[in-house]
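The values are calculated or read from the model by the stated rules, or taken from the named source; none is laboratory data. Since this is a predicted model, take the numbers as computed values, not measurements. Methodologically, a virtual Cβ is constructed for each residue, glycine included, from the backbone with ideal geometry; neighbour enumeration extends over all protein chains shown.
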Amino acid sequence: MRKQTLYKDNTSNSPYRMVVDADGYKFYFDQPEAIGGEGSAPTPHVYLDAAVLACKAMVIRIVAARRGIALEDIKITLNTDDSEERKGRYVMNFVIELIGDLSEKDRQILLKTAEQCPVGKLLGDEVTVELNSQLV
């Protein structure tokens, strides 16, 4: 089980600037000025989107390396539509650029691999996520 700790960043005047310590790595969060933050760090939503992007890229690279596919580089652009997010619908469209001397078969394998990203599957598949909170 992984343990992560969140606390307020007292070096900031923003009431929303937070730090998460996860396995010794620190992640900073804030909200935009328009809603009372300083805009000094990404919002939690930005990190969520970035986690899916990174996961897709890493899964593609792992499979390419294991299969000996000559993938030189990868670039993924994410376009989102949050217009119905409050209704439970959030659309993530990924544009994947695979760079290297790749056959069409290799490209299709890697595209299919991108859909196996565990973080994306957790968000997109019908799964059960338990969110338990307790006050101390």
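Would you point out the residue of segment 1-24, among those that are within 22 Å of the chain's Cα centre (by Cα) and assigned to a loop (DSSP other than H, G, I, E, B), that is farthest from Ile35 (Cα to Cα)? Step by step, filter segment 1-24, then rank; the result is Met1.
Residue-wise test of (1) surrounded by 14 or more Cβ atoms within 10 Å (Cβ to Cβ); (2) not assigned by TED's automatic domain parsing to the domain that holds Pro118.
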{"site": "Asp9", "(1), (2)": "yes, yes"}
{"site": "Pro15", "(1), (2)": "no, yes"}
{"site": "Tyr25", "(1), (2)": "no, yes"}
{"site": "Leu48", "(1), (2)": "yes, no"}
{"site": "Arg66", "(1), (2)": "no, no"}
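From Val63, Val52, Val59, which residue is modelled with pLDDT under 95, assigned to a helix (DSSP H, G or I), within 21 Å of the chain's Cα centre (by Cα) and closer than 30 Å to Glu104 by Cβ? The unique qualifying residue is Val52. Among all positions in segment 73-88, there is no residue which is at pLDDT 95 or above, surrounded by 12 or more Cβ atoms within 10 Å (Cβ to Cβ) and either out of contact with any helix residue (DSSP H, G or I) (no Cβ under 6 Å at 6 or more places or on another chain) or of a type outside the set (Val, Ile, Thr) (or both). Checked against (1) more than 15 Å from Lys56 (Cα to Cα); (2) touching a Leu at 6+ places or on another chain (Cβ under 7 Å); (3) at pLDDT below 90, Gly100 passes all but condition (3).
Of all the listed residues (Gly68, Gly88, Gly36), the sole one being under 19 Å from the mean Cα position of the chain (by Cα), on the phi > 0 side of the Ramachandran plot and among the small types (Gly, Ala, Ser) is Gly88. Scan segment 100-113 and tell me whether some residue there is of a type in the set (Ser, Thr, Tyr) and either in contact (Cβ under 8 Å) with a residue 40 or more places away in the chain or part of a helix (DSSP H, G or I) (or both). Yes, segment 100-113 contains at least one residue that is of a type in the set (Ser, Thr, Tyr) and either in contact (Cβ under 8 Å) with a residue 40 or more places away in the chain or part of a helix (DSSP H, G or I) (or both).
Scanning segment 66-82 for residues that are under 16 Å from Val46 (Cα atoms) and part of a loop (DSSP other than H, G, I, E, B) returns a single hit, Asp82.
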